[in-house]
Every structure is written in structure tokens, then in C-alpha cells.
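*Asks:* What follows is a single structure, and I will ask about it in a moment.
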Amino acid sequence: MYTRKVFDTILRRLVEPRRFIQVLSGPRQVGKTLLSKQLMKAVRIPSHYASADEPALKGGSWLEQQWEVARHKSKGGGADALLVLDEIHKLPNWSETVKRLWDEDSFHGLQLKVLLLGSSPLLIKSGLTESLAGRFELIPITHWSYSEMRDAFGWDFQQYVYFGGYPGAVPLINELDRWTNYIKESLIETSISRDILLMTRIDKPALLRRVFELGCAYSGQVLSYQKIMGQLQDAGNTTTLAHYLNLLANAGFVAGLQKYAGQQVRRRGSSPKFQVFNTALMTAHANIGFEELVKNPDLWGRWVESTVGSYLLNQTVGQDLSLYYWSKSNMEVDFVLVKGDQATAIEIKSGAKRVTLPGMDAFSKEFNVAKKLLVGAQGIPIEEFLTIPANDWF
């Protein structure tokens, strides 16, 4: 079962009298299809599931055919039925076709419920805003959190830090080579090839992949665009790198956090801090064993910080929250969580030693801070922090 809260929210919307298209958008292999099939069983009305996720793109006629199947199952429109369309963004002009069919049903009083799934949030959002305004509700589906992996599979904190939050990879964790190949080939390469390169114009595909690899290797670290270009061959310009990093973020892979400065113009001009959405991406590219990582305090600390960062980053998806970092001279704050005009400063310490926080003090003098949080060491236990909704810190 996926997150109970998410499941209950979607189920409630599907069974209420008001009709809105429900749209589930999120990365591959985070449970969208499984969730939709659980919902089909729970709604207790006739349902039809179809997926557009095939190498050959289908056209509008295919979508119309699937819609007619669902209409037939609704007994001519006299009763409710549910249509689930997976990977909807793979269809050319999908939003225009959905709008036409949805409006036809609304005009004739047909009670068809529609659930759309997509693994390319950027393309999904584009289609919704262009054609389906006022007809949909968007529900972001993010990577699995520590509490979700713990409750579903009995994982402890160290397992989650190392293996991350891909539920489909769980059966392979005792065979590290198979687990690594699954993450690289079934998740990463499939998403880059089919959800980014196939659907978006990319002039330098090899560079996009290198930016992704660099983001995994340097998650939790700040790199200037000049340093990034020094790490890459045929890097082009900073605008291209920023664009590719934005595409990777929309695919749920790697984000480039901006420096918090209180002024949007200055934020955009800062050096990015790489942050993965799922630490499985780091582990799969690091070629390091579990025991070796745990026994290396510096590396383990970076994985732990990225675990907290990935949790916060996923918490901002679809919410009125933003995530930044802050630095000045030799002082820094690991994460700055922002809601409206409020900022919460967060420092991560994976060891047990007493710590001083000069960066936190300097940040507090320069900005209005809602809360100052130490996570780990003598502060909030990291495992506990990963179970607390980010909105609770305001």
C-alpha cells in the first residue's frame, strides 16, 4: 500500500459527486501504477486501465478507443465508471483530446471518472495548463520516504540512507550488483531515454547524462558553473547546464539548490548545490559497499545529509515550500526551508560530537528566521526528523 494519506485523498476525490480529472504525476518506479490499481479495487465501480508506455507512440484515436471502453463499462453513462490512463504524456496532443472527450461527457451528463498518470511532471504540467484549466486536480507522487520504506519493508535508517526509496528495487538489495544494474538500467537510463530525450529537444544528450552523473557524485556540495564546466567535456555554456539541470530536477533525479539571499535575482545567479531526490542514485554510481560506506565518517555524513536533503526536496513538491542553502565566507547553513516570507534554517550533523554553528548564527543575524534546527548530534534525531512533515517547522 502506498502512503495511506495519499491513497485516501485520491479515493475520496474519485467517489465524491463532483467530477474533476485526477492527475498523478511523479518519477518512474515510485508506485503510481500500483497505487492506481489499488484504487481501482477500492472504488468498487467498473474500471478500465490502459497504458501508453510503449516504444511506438500512439495517437489520439487510441485514446478515444480507451475512453469508449470506459464509457461502455459505465452502462451507457447511467452509472459511475473509472478510466485510468498511464503514461498519458506519451501521446501527441493528449491534453486536447482529453479536454474534448471530458467536455462531451460533461455535456451529456456521463458520470465517467478519469485518473491520469505520468512520469514526466514537466510535460504533464504543460498539457494541463494549456488545455485542461479548471478541469483537473494535480496530485504529485514523490520518492518513498524513510517512514514509508520502514513501514512497508521493515527497513532501518542505515538501509534507507544506503539504498534510498525505490520500492521496486527492494527484492534485489542482497545482490548488490543486480540492485545497481536495476537502478542504472531500469530506472535511470529508461527515464533519461524515454522521459527526457524522447520527449524534449536535447542538443547534447551525452552532456545531459554527464550532468546527471556529476550531480550524483557531488550531492550535498556546492559547485560554481565554472567548476562544473571544468568537470565536463563539450559543456557548452552555463545556460545550457542550468537548463539540463532543470530537466533532471523535473524528472525527479537531481536538483541544483540555489543560495538563499532574500532577493530572487541574487538567488538565480548563485552557484548550485547539487541534491539528489533519492540516495539510491548516489549509491548506484559510487561503487561503494554498505559496510565500507558506514565505516567512513566523511562519506557517511555526506550520504546522511543527502538523505535529509532528499526528504526536504520531495516535501516541497506540490507544496508552498522552497528549499535553498546558504553560505558566506567560510560559514554555511546546509538547508534553508522557505514558506512565504518565513525561513527555517537547518543544519545536519551525523556524528555525536558537540558542535558549534557559526553559520547558523551568521544567517540569523542577516535574515528573519522562523526556526533554527540542528538535526543529528545533540539536536533532533535524524530518524525522527525524517518522519515530520516539513510544514510543521513553520
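Every read-out reported here was derived from the displayed coordinates using simple, explicitly stated rules and does not represent laboratory data. Fair warning: this is a prediction, and the values are worked out from it, not measured in the lab. For neighbour counting, all protein chains shown are included, and Cβ atoms are generated from backbone atoms with ideal geometry for every residue, glycine included.
*Asks:* Under the rule of at least 5 residues apart or a separate chain, name every residue whose amide H is placed under 5 Å from the amide H of Gly164.
*Replies:* Ala280
*Asks:* Mind pulling the angle between the C-alpha long axis of helix 4-15 and the longest principal axis of the chain? Nearest 10 degrees, somewhere in 0 to 90.
*Replies:* 20
*Asks:* Using a cut-off of under 18 Å, list every residue of region 1-33 whose amide N is near the label point 7 Å from the Cα of Lys41 along the Cα-to-beta-carbon line.
*Replies:* Answer for this model: 1-12, 31-33.
*Asks:* Averaging sequence separations of C-alpha pairs under 8 Å and six or more residues apart, then dividing by the length of the chain, give the relative contact order as a whole percent.
*Replies:* 13
*Asks:* Quick check: pseudo-label points 7 Å beyond the Cα along Cα→Cβ at Arg201 and Thr238, how many nm apart are they?
*Replies:* Once both label points are built, they end up 2.5 nm from each other.
*Asks:* Using alpha-carbon pairs under 8 Å, 6+ residues apart, how would you state the relative contact order of region 4-140 in percent?
*Replies:* After rounding, I find 36 percent.
*Asks:* Now, a different point. Given only helices, namely DSSP H runs of n ≥ 4 each adding -39500 (n - 2.57), what is the per-residue ellipticity at 222 nm of the chain, to the nearest 500 deg cm²/dmol? Kindly include the intermediate steps, with their values, before the conclusion.
*Replies:* Values: 17 runs with 168 residues, N = 394.
My calculation for the chain gives -12500 deg cm²/dmol from helical runs alone.
*Asks:* What does the charge count near Leu172 come to, summing +1 for each Lys or Arg and -1 for each Asp or Glu among other residues with Cβ under 13 Å from its Cβ?
*Replies:* -1
*Asks:* Further, regarding this structure: Relative to the longest principal axis of the chain, what angle (0 to 90°, nearest 10) does the C-alpha long axis of helix 205-217 take?
*Replies:* 50
*Asks:* Please identify, among Val333, Val69, Val308, the residue showing maximal mean-square fluctuation in a Gaussian network model of the chain using a 10 angstrom Cα cutoff.
*Replies:* For the chain, modelled as a Gaussian network with Cα springs under 10 Å, the answer is Val69.
*Asks:* Also, I was wondering about something else. Place a label point 7 angstrom from the Cα of Glu189 along the Cα-to-Cβ direction, then list the residues of region 205-220 whose backbone nitrogen is under 18 Å away.
*Replies:* 205-214
*Asks:* Note the angle between two axes, namely the Cα long axis of helix 94-108 and the longest principal axis of the Cα atoms of the chain, as a number of degrees from 0 to 90, rounded to the nearest 10.
*Replies:* Once rounded, the angle reads 50 degrees.
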